1. Going by the structure shown, is residue 121 touching a residue at least 40 places away in the same chain (Cβ under 8 Å) and either touching a Pro at 6+ places or on another chain (Cβ under 7 Å) or aliphatic (A, V, I, L, M) (or both)?
2. Taking the stated definitions as given, is residue 112 under 21 Å from residue 337 (Cα atoms) and assigned to a strand (DSSP E or B)?
3. Select from region 373-404 the residues that are exposed (fewer than 13 other Cβ atoms within 10 Å of the Cβ), among the β-branched types (Val, Ile, Thr) and either in contact with a Phe, Trp or Tyr (Cβ under 7 Å, 6 or more places away or on another chain) or in a helix (DSSP H, G or I) (or both) and list them in ascending order.
4. Please find, within region 377-420, the residue that is nearest to residue 487 (Cα to Cα) out of those that are within 22 Å of the chain's Cα centre (by Cα) and of a type in the set (Phe, Trp, Tyr).
5. Residue under question is residue 44, and the condition is that it be surrounded by 10 or more Cβ atoms within 10 Å (Cβ to Cβ) and assigned to a helix (DSSP H, G or I); does it hold?
6. Please enumerate the residues belonging to region 424-443 that are surrounded by 15 or more Cβ atoms within 10 Å (Cβ to Cβ) and under 21 Å from residue 235 (Cα atoms).
7. Anything in region 270-304 that is among the charged types (D, E, K, R), open to solvent by 70 Å² or more (accessible area, probe 1.4 Å) and not in a loop (DSSP other than H, G, I, E, B)? List them, or say none.
8. Answer yes or no: is there a residue in region 433-450 that is part of a helix (DSSP H, G or I), of a type outside the set (Phe, Trp, Tyr) and closer than 29 Å to residue 480 by Cα.
Amino acid sequence: MDWGPFYIGASMKKSFLFPTIFSLLIILGQPSYSSELFHVDENSLIEAIEQNGVPEREQVFAEYFGAESEKLSALDKLEFKFNSELSYLKSDETSFSALKPATEQAKSFKAGIEKPTSYGVNFGIKYLSEQFSAGTLHDATNSRVFAELSADLYKNLFGMVTRNQLNALDLYTKEAELLKKIRLKGLRLKIRKLYWDFVAANEAYNVAKKLEESAKNQIKDILDRKKSGIADNGDLARFNAQLTERKAQVIHFKANQSIIIAKIKELIPELQGKSLRLKPYNLKENVNNFYACLNVISKHKEVPQEFTLYDDIINLQKERFELQKRVTNSYNKMDLVGYVQKGIDGKDNSVSGANDDMLTNKRDFYATGIKLNIPLGNSLNKTYEAKANLDYSTFIAKSKAIDLKLTSFHETIVETINLLRTVIDNRVDNIKHSWIGLNDSKKKYRQVRITSQQLVHEEDQYLANSLKLIDVENYVIKVMFDYFTLFTETPCKLN
């Protein structure tokens, strides 16, 4: 939690001046109308963020659906397809000879169903009708129904490229599924961080409010002392200044709550127009849960692969890279496709007559051939090299970045565990001693053994120490939440 620097004594008063002015503007700018009350704890915020309409949540799903749509789009290319073609030709050209009359008019209609497969083989059932007029021939019609089989004989032999593409997209979808799970967990942790910021701000507000009440009581006491001649105007001025400062601090921490509430509402739009109020919470229990998590993590000197989904993502990326490399290697290769057609045909001077002849006489026909497409020039080779380099660099960048992040973050946590424990223990002891010292100073002040200035200094010290304790407790909880964004499966209660 970034509270910023906290100062004690005179410097503390200066540090609250500008934040207090800003805080007053925030509070005065809040709507005065009453609104629906929303009781806040971790569970209520998590439930709210898992409802539809939360922008960041929808963005997570959008990224996942983007990956899924790529795979489905590739599968769409393997579905049954109906295609048809209609053409018409009319010409006034002259013939070369009477034996080779020029085509005066021609019509063609073709329709069929095709089914590509992932093995580089395409099947189809087709109907073709061709009609033309030339010389003494009028409306000469040929109709055919045939099955067609075509196969890639080189570049995509046995569908190696197609299946590698599909397998790579399948791995990409699995990776997207894992990333979706991680990002949704990260979103829940983000709202939990804001919740504990809210708690920390409330704790700070309660401390400041308690000291404000103490300052009010001290004003009453100093007025009585002044009447008795025990205190003077300087003492009264000092405690009036203290009360003003305490009020400023209360406003400041109240504004901190308003800022955090605004962030929560920005993340969860459905909370707009609602008043947020904290449910009872147990900060000590959460800090104890933090200790329990530290104990679980500290047992693992190496990166605990079982605590994270990112190791699965790295493995998927590696498999996908190998498949994509095979696809890219075929980019600048030639296409060689063979086809076979087998069916029946009929002839007549009309479409209907040709169809009848085809169905009645069922004369068989057979055709075969190959199609060759050879890329020329050097541009495809350059593109292939660029694609290969892109595939490799993308894989290395992603996998190495994840691996380094996991390693560095875990090592950092393990190295700082004892330091974090020591910091918390020291802060807890410090606040206990500050509280005892403050009560003793109040007693001495009532006995006129210390000055009002010394008492004010003791209260400033107590406030500073209380804020530092709140700060460090919130900090260690949020550090652990950051750890959970990477190691989402860590088996401890705080997670």
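The values are calculated or read from the model by the stated rules, or taken from the named source; none is laboratory data. In this text the structure is predicted, and so the values were computed from the model without any measurement. Reconstructed Cβ throughout: ideal geometry from the backbone, glycine too, with neighbour counts over all protein chains shown. Side chains included, ligands, DNA and RNA excluded: accessible areas come from the protein's heavy atoms. Shrake-Rupley method; radii C 1.70, N 1.55, O 1.52, S 1.80 Å.
1. Details: touching a residue at least 40 places away in the same chain (Cβ under 8 Å): no; either touching a Pro at 6+ places or on another chain (Cβ under 7 Å) or aliphatic (A, V, I, L, M) (or both): yes.
Here the answer is no, as residue 121 does not meet what is asked.
2. Values: under 21 Å from residue 337 (Cα atoms): yes; assigned to a strand (DSSP E or B): yes.
It is true that residue 112 is under 21 Å from residue 337 (Cα atoms) and assigned to a strand (DSSP E or B).
3. Let us first name the residues in region 373-404 that are exposed (fewer than 13 other Cβ atoms within 10 Å of the Cβ), namely 373-374, 376-379, 381-382, 386, 389-390, 393, 396-397, 400-401, 404.
Right, trim to among the β-branched types (Val, Ile, Thr) and you get 374, 396.
396, the sole residue that qualifies.
4. The initial filter retains those residues of region 377-420 that are within 22 Å of the chain's Cα centre (by Cα), namely 394-410.
Checking which are of a type in the set (Phe, Trp, Tyr) leaves us with 395, 409.
Details: 395: 21, 409: 10 Å.
Out of the qualifying residues, it is 409.
5. Details: surrounded by 10 or more Cβ atoms within 10 Å (Cβ to Cβ): yes; assigned to a helix (DSSP H, G or I): yes.
Against the criterion (surrounded by 10 or more Cβ atoms within 10 Å (Cβ to Cβ) and assigned to a helix (DSSP H, G or I)), residue 44 qualifies.
6. Once the filter is applied, which keeps residues that are surrounded by 15 or more Cβ atoms within 10 Å (Cβ to Cβ) and under 21 Å from residue 235 (Cα atoms), region 424-443 yields 438, 441, 442.
7. 270, 277, 284, 285
8. Looking only at region 433-450, we keep the residues that are part of a helix (DSSP H, G or I), and these are 433-446.
If we keep only those that are of a type outside the set (Phe, Trp, Tyr) as well, we get 433-434, 436-444, 446.
Now narrow it down to the ones that are closer than 29 Å to residue 480 by Cα: 433-434.
Yes, region 433-450 contains at least one residue that is part of a helix (DSSP H, G or I), of a type outside the set (Phe, Trp, Tyr) and closer than 29 Å to residue 480 by Cα.
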